[in-house]
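Note sheet for the following structure.
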Amino acid sequence: MPVQKVLVVDDSKTELMFLGDLLKKQGYSVTTAQNAEDTLRRLEEEVPDLILMDVVMPGQNGFQLTRAIVRNPLYAQVPIIMCTSKNQETDRVWGLRQGARDYIVKPVNPAELMAKISALA
């Protein structure tokens, strides 16, 4: 299934703008969320084709939120790419164990992100 709708989850407005602009320029429809509550509300409104998930956020972190989304039968089929400044191998392994399909480290390289999105199709 080709990716058209992307939900970007990040508590940084700067990061939301950067990723949102980058994805929109590539033709994707983008919605954003800044925390776990916001994310779950967005998912109830419309299920995206892809979620870009930050890890470090107030309240529920991206690892916990990814695990909750993947375990919910309504959203389990939505691929999640962790998009975080946490660049340790243990973080990457943990993110994938929580159910993320891929992991990318900030600052995001646009070409690398597009390649990871294309690989999901």
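Please treat every number below as a calculation from the coordinates, not as lab data. Source: prediction; values computed, not measured. Cβ atoms come from the backbone with ideal geometry, glycine included; neighbour counts cover every protein chain shown.
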Practice problem: All but one of (1) in contact (Cβ under 8 Å) with a residue 24 or more places away in the chain; (2) out of contact with any Pro (no Cβ under 9 Å at 6 or more places or on another chain) hold for PHE18, so report the exception by its number. | Solution: (2)
Exercise. Name, by its number, the condition in (1) touching a Gly at 6+ places or on another chain (Cβ under 8 Å); (2) under 15 Å from GLY95 (Cα atoms) that does not hold for GLU37.
Key: (2)
Quiz item: How many of the residues making up segment 60-75 are of a type outside the set (Phe, Trp, Tyr), assigned to a helix (DSSP H, G or I) and either more than 13 Å from the chain's Cα centre (by Cα) or surrounded by fewer than 22 Cβ atoms within 10 Å (Cβ to Cβ) (or both)?
Solution: 5
Quiz item: Taking PRO2 and the conditions (1) surrounded by 15 or more Cβ atoms within 10 Å (Cβ to Cβ); (2) touching a residue at least 60 places away in the same chain (Cβ under 8 Å), which numbered condition does it fall short on, given that it satisfies the others?
Solution: (1)
Quiz item: In segment 40-59, how many residues are surrounded by 13 or more Cβ atoms within 10 Å (Cβ to Cβ) and either more than 15 Å from THR84 (Cβ to Cβ) or among the acidic types (Asp, Glu) (or both)?
Solution: 8
Practice problem: May I ask you to list the residues in segment 1-34 that are part of a loop (DSSP other than H, G, I, E, B) and either of a type outside the set (D, E, K, R) or closer than 17 Å to ILE117 by Cα (or both)? | Solution: MET1, PRO2, VAL3, GLN4, SER12, GLN26, GLY27, TYR28, GLN34
Quiz item: For ILE104, are the conditions met, namely being aliphatic (A, V, I, L, M), buried (at least 16 other Cβ atoms within 10 Å of the Cβ), at negative phi and in a strand (DSSP E or B)?
Solution: yes
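Any residue that is farther than 14 Å from ASP10 by Cβ and touching a helix residue (DSSP H, G or I) at 6+ places or on another chain (Cβ under 7 Å) - is there at least one of those in segment 105-116? It would help to see each step written out before you state the result.
Here is the first cut: in segment 105-116, the residues farther than 14 Å from ASP10 by Cβ are 109-112, 114-116.
Next, only the ones that are touching a helix residue (DSSP H, G or I) at 6+ places or on another chain (Cβ under 7 Å) stay: 110.
Yes - at least one qualifying residue is present in segment 105-116.
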Quiz item: Taking the condition basic (Lys, Arg), over 20 Å from LYS116 (Cα atoms), assigned to a helix (DSSP H, G or I) and out of contact with any Pro (no Cβ under 9 Å at 6 or more places or on another chain), does ARG92 pass?
Solution: no
Quiz item: Is it the case that some residue within segment 106-113 is among the small types (Gly, Ala, Ser) and in contact (Cβ under 8 Å) with a residue 12 or more places away in the chain?
Solution: no
